[in-house]
Amino acid sequence: MRNRMTHALTLKIDLIMFTAMLITFTSTVSGVTVGVKEDEWAKYGNFSASWTGQKPLGIEEFNNTEWAVVTVQSISGTTVTVEWLTHYKNGTEKTTTESGDIATGSGDISFLIISANLGRGDTIPLNFSGVPDGVSPVINDTVTRTYAGAQREVNYWGYYFSNVSTMYNHTVDYDFYWDKAKGILCEFTMSMSNASIGFTISYAMRMKINETSMWAGGIIPGVPNYMLYIIIAVVAIVIIVAAVFVMRKRKAPTPTITPSREKEPTAAPSKEEG
């Protein structure tokens, strides 16, 4: 009897613990919104990299990249799977598949996609080796910038770290911009310097979104539509004012009056004719 009561009590405790874990997990996931959709894509360009000293691992491949297209393959809960199509400057291409949970930061999509609808002060669960342990990325601000031909609200996170001593000098500087509504990475720049006795390594990298199916671009890529409309309106006003000015300056032609010939009197009929 005692064994049954003990077993029943253990089951109740397990059930309570499981329920508590489920509630905790649900509350964590409920604050995460997957903004991207299946088959949506983003094309990145402006790849550039430079370095001094010893060549960092993988930086040459990054520097040789002409463009890359990321396509959302599938979404399961908060786990997103994407396909990378990388096109190199020599014409070759490579396709890879990556997957990650944006609620926990686990997986290998790293900083590519975060939760949508975040704002200033929100924490990003990034699994990024460039950030020291214990440092949680926090959105610094939400700003408006132009990406892929449209003005977008983007979440910005900037991180700077410096560790300087008499024997060692290490600095890193990151700038990330994610689209607020979609959570997709829009722009990324970084620089790093590592100096010690006998060696110095430093490098910088950059990539930026240029085209996407996730939002409608402008009429002219890189130029916001409202700016284009202002330019068109100004040009139209200038043309109209110039046309009016020219019309007023032009003198109206003087009409030419041609004198009419007097009508010759008709001779009266003779008596003979009568």
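What the table below lists for this structure:
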item: Residue list for region 108-124, filter: without any contact (Cβ under 8 Å) to a residue 60 or more places away in the chain and surrounded by fewer than 17 Cβ atoms within 10 Å (Cβ to Cβ); result: D108, S110, R120, G121, D122, T123
item: Leading residue by the ranking (surrounded by the most Cβ atoms within 10 Å (Cβ to Cβ)) among those in region 142-184 that are modelled with pLDDT of 95 or more and at positive phi; result: G183
item: Pairs where the first residue, in region 45-56, is at positive phi and the second is β-branched (V, I, T) and assigned to a strand (DSSP E or B), C-beta under 6 Å, 6+ apart; result: G53/T200; G53/I201
item: Residue match in region 128-138 (condition: exposed (fewer than 14 other Cβ atoms within 10 Å of the Cβ) and part of a strand (DSSP E or B)); result: yes
item: Pairs where the first residue, in region 85-101, is hydrophobic (A, V, I, L, M, F, W, C) and the second is surrounded by fewer than 15 Cβ atoms within 10 Å (Cβ to Cβ), C-beta under 6 Å, 6+ apart; result: L85/T95
item: Selection from region 47-97 of residues that are loosely packed, with under 13 Cβ neighbours inside 10 Å, at pLDDT below 95 and touching a strand residue (DSSP E or B) at 6+ places or on another chain (Cβ under 7 Å); result: S50, T52, Q54
item: Some residue of region 148-166 being within 22 Å of V82 (Cβ to Cβ) and among the hydroxyl-bearing types (S, T, Y); result: no
item: Test: residue in region 117-125 that is more than 21 Å from N140 (Cα to Cα) and at pLDDT below 95; result: no
item: Every pair of residues 6+ apart whose Cβ atoms lie under 6 Å, when the first sits in region 160-189 and is within 16 Å of N140 (Cβ to Cβ) and free of Cβ contacts under 8 Å to residues at least 40 places away in the same chain while the second is exposed (fewer than 15 other Cβ atoms within 10 Å of the Cβ) and not hydroxyl-bearing (S, T, Y); result: D175/G158
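The values are calculated or read from the model by the stated rules, or taken from the named source; none is laboratory data. Just so it is clear, the model here is predicted, and its values are computed rather than measured. A quick note on method: Cβ atoms are made from the backbone with ideal geometry, for glycine too, and the neighbour counts reach across all protein chains shown.
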